[in-house]
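Student: One structure coming up, written as structure tokens, with questions to follow.
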Amino acid sequence: MESLTRCTTGRAGTLPPALSKRALGVSSAGNWDLTYSTSRVVVRVAGADPGAGPAGAHRATLPASLLRQEPTVIRTLLAASLALAANAAAAQNRPPAARALEEAAAHLADTAQAEYDALVAEYDAESELVNAANLRVRESDEYKKAAEARDREAVNALFKNVPRIDRDAWAKRFLDAAQQHGSSPDQPLFYGWAFSNTSNKELAEAALAPLLDKHLKSEHWVEFSKGLAYGSRTLGHERTLEVLTTLADGHPNDLVKANALFGRYNTVKRATGENAPNEQQLAAAERDRKRVVELAPDSYAGMSAAAIDFERERLQIGMPVPDIQSEDTQGVEFKLSDYRGKVVVLDFWGDW
Amino acid sequence: MYPHERSLVKRLAGEPFALIGVNSDKDKEKLFQRMEEESITWRSFWNGPDGTRGPISAKWNVTGWPTIYVIDHKGVIRFKNVRGEEMDKAVDELLAEAKAGK
């Protein structure tokens, strides 16, 4: 039934929704595009062989009935037809065309992002169920009564049968899934999830090792590194510093470097006991912080690193208060200085 | 926190005093509901859809909530992070200064 609906949504010239890259579950743009008419689907591969003309090897044509297939089947068929076209191009001694077609075929065959999304959706669904079960208990009269009486035993009994989400078991599933996508540039997604969601050191290290050894320059670090900008409790002091240094020195992206350096600054500054920083380490941390502001001034790490100076230089007792100009909660613009002449309590608050 | 601030605002109605918030809730619907329930009448800047990672708190290096600044009638920062009775005392002291025209 669903495939019939899909089939009728397409008009010649406009790409039916079922053939969009999103519906097919491919992550990045790739070096190919689809066009569609009522009789055929054409894959055009950029840069394959522009001189080859409309009948050349830079494209593959499939019948429009392709549209009736499931997205995974469509991907497989498209990838297979491109692989055949790549072989043909190689046989005709046209290596650039063969390379471009192979690249497009590999991109279409790469299901890492789609499977990652599916796994995350499954996790989200489970955690929603768990949250709902918890909420039901917290809103029950029995719970309110027990909480009011501070009856810890009764409270525990009420929560005893509420399911919990086992994040370490989930981290293991993501680690296992990563094994299936060894050649995909999206393999780091699985390791990144596992690393970010476990507080088990062994699992965190199992995810981190391939991220650092094999995927040190991956674009996906832009996302993962945000979580490291405040250090890591899971890894311990020494290892956290080691990881952040590897990342700051080894990654080409300024935002990743900035997050790693801010993580190193925070880790050093917050260390206590035997790890408490000496003067030299504090000075090095300050240099890290300044570098964060230079590297990525508009990022959250950059703004936070700059804010430390702002507080030191502009927000001390006895200083004229810096003005704030912004919208209120109703969307009306106003200024803090509108209240000059009055005593003002400025209260950073929230309810979350 | 709300009951104390609510009573402060009520007690000082008509005085040269204002409580100004910087609100870091992401969800405005929930925020309005909470303001209704708690009778929160004072005006707040909104820190934007990024919540606690919004631009105002980021610039001011706010990493804990609530964070409090008490500012005198001339616009000078005089107290930081005073709570409860301490906040009352600070405000009363600054109100006396304002009235004495210091």
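The values are calculated or read from the model by the stated rules, or taken from the named source; none is laboratory data. Please read all numbers here as calculations on a predicted model, not as lab measurements. All Cβ positions, glycine included, derive from the backbone under ideal geometry; neighbour counts span all protein chains shown. Please note that ligands, DNA and RNA were not included when accessible areas were found on the heavy atoms of the full protein model with its side chains. Shrake-Rupley method; radii C 1.70, N 1.55, O 1.52, S 1.80 Å.
Student: Convert each backbone phi in the range A:207-215 into a coupling constant with the Karplus relation 6.51 cos²θ - 1.76 cosθ + 1.60 (shift: θ = phi - 60°), then list the ³J(HN,Hα) values in order as whole Hz, x for Gly and Pro.
Tutor: Values per residue, Gly and Pro as x: 7, 6, 4, x, 4, 7, 6, 9, 10 Hz.
Student: Let me ask you something else. Which percent, to the nearest 5, of DSSP beta bridges fully inside the protein assembly as shown are antiparallel?
Tutor: 70 percent
Student: Taking every residue in A:299-306, how many Cβ atoms of other protein chains lie within 10 Å of its Cβ, on average?
Tutor: Mean shielding by partner chains, rounded to a whole number: 3.
Student: Going highest first, how would you order A:108-114, B:50-56 by mean Cβ packing within 10 Å?
Tutor: Highest-to-lowest ranking by the protection proxy: A:108-114, B:50-56.
Student: Also, I was wondering about something else. Report, in debye and to the nearest 20, how large the dipole of the protein assembly as shown comes out about its Cα centre when Lys and Arg carry +1 and Asp and Glu carry -1 on their Cβ.
Tutor: Rounded to the nearest 20 debye, it is 640 debye.
Student: Test of understanding: what is the full-extension gain from residue A:246 to residue A:145, defined as 0.36 nm times their sequence separation minus their Cα-Cα distance?
Tutor: Length gained, residue A:246 through residue A:145: 31.1 nm.
Student: Can you give me the distance in nm between label points at residue A:253 and residue A:338, each placed 7 Å from the Cα along the Cα-to-Cβ direction?
Tutor: For residue A:253 paired with residue A:338, the spin-label model returns 4.0 nm.
Student: With a Förster radius of 22 Å, plug the Cβ-Cβ distance of residue A:122 and residue B:30 into 1/(1 + (r/R0)^6) and report the FRET value to the nearest 0.05.
Tutor: Computed FRET efficiency for residue A:122 and residue B:30: 0.20.
Student: Quick one: compute the contact order of chain A, relative version, from alpha carbon pairs under 8 angstrom and 6+ residues apart, as a percent.
Tutor: Reported relative contact order: 8 percent.
Student: Keeping every protein chain in place, order B:99, B:28 by accessible area at 1.4 Å, biggest value first, i.e. largest first.
Tutor: Accessible-area ranking of B:99, B:28, largest first: B:99, B:28.
Student: When the Karplus curve 6.51 cos²θ - 1.76 cosθ + 1.60 is applied with θ = phi - 60°, which whole-Hz ³J(HN,Hα) does each residue of the range A:99-109 get, with x for Gly and Pro?
Tutor: Those phi angles translate into 5, 5, 5, 5, 4, 5, 5, 5, 5, 5, 7 Hz.
Student: Would you kindly derive the ³J(HN,Hα) couplings of the range A:234-251 from the backbone phi angles with the Karplus curve 6.51 cos²θ - 1.76 cosθ + 1.60 (θ = phi - 60°), listing them in order in whole Hz, with x for Gly and Pro?
Tutor: 3J(HN,Hα) across the range A:234-251, in whole Hz: 5, 7, x, 4, 4, 5, 4, 4, 4, 4, 5, 5, 4, 5, 5, 7, x, 8.
Student: Averaged over B:84-92, how many beta carbons belonging to a partner chain fall within 10 Å of each residue's beta carbon?
Tutor: 1
Student: How much length is gained on full extension from residue A:325 to residue A:134, taking 0.36 nm per residue of separation minus their Cα-Cα distance?
Tutor: Extending this stretch completely gives an extra 64.7 nm.
Student: So what is the calculated 222 nm ellipticity per residue for chain A, using -39500 (n - 2.57) for each DSSP H run with n of 4 or more, over all residues, to the nearest 500 deg cm²/dmol?
Tutor: Taking each H run of at least 4 residues, the total per residue is -18000 deg cm²/dmol.
Student: Still on this structure, please answer the following. What 222 nm value per residue comes from the helices of chain B, counting each DSSP H run with n ≥ 4 as -39,500 (n - 2.57) and dividing by all residues, nearest 500 deg cm²/dmol?
Tutor: -12500 deg cm²/dmol
Student: What residue among A:60, A:83, A:125 shows peak mean-square fluctuation when chain A is described by a Gaussian network model with Cα springs under 10 Å?
Tutor: Answer for the Gaussian network model of chain A: A:125.
Student: If you count, for every residue in B:11-18, the Cβ atoms of partner chains within 10 Å of its Cβ, what is the mean?
Tutor: 3
Student: Starting with the highest mean, order A:288-294, A:333-339 by the number of other Cβ atoms within 10 Å, averaged over the residues of each peptide.
Tutor: For the peptides A:288-294, A:333-339, the packing ranking is A:288-294, A:333-339.
Student: Given labels modelled 7 Å from the Cα in the Cβ direction, how far is it in nm from residue B:63 to residue B:4?
Tutor: Here the modelled spin labels are 2.3 nm apart.
Student: Between residue A:31 and residue B:85, how many nm apart are label points set 7 Å from Cα along the C-beta direction?
Tutor: It works out to 7.5 nm between the two label points.
Student: Which of B:48, B:75, B:84 ends up with the largest GNM mean-square fluctuation for chain B, with Cα atoms connected below 10 Å?
Tutor: B:75
Student: Report the residue, chosen from A:332, A:73, A:268, that carries the largest GNM mean-square fluctuation when chain A is represented by alpha-carbon nodes joined by springs under 10 Å.
Tutor: A:332
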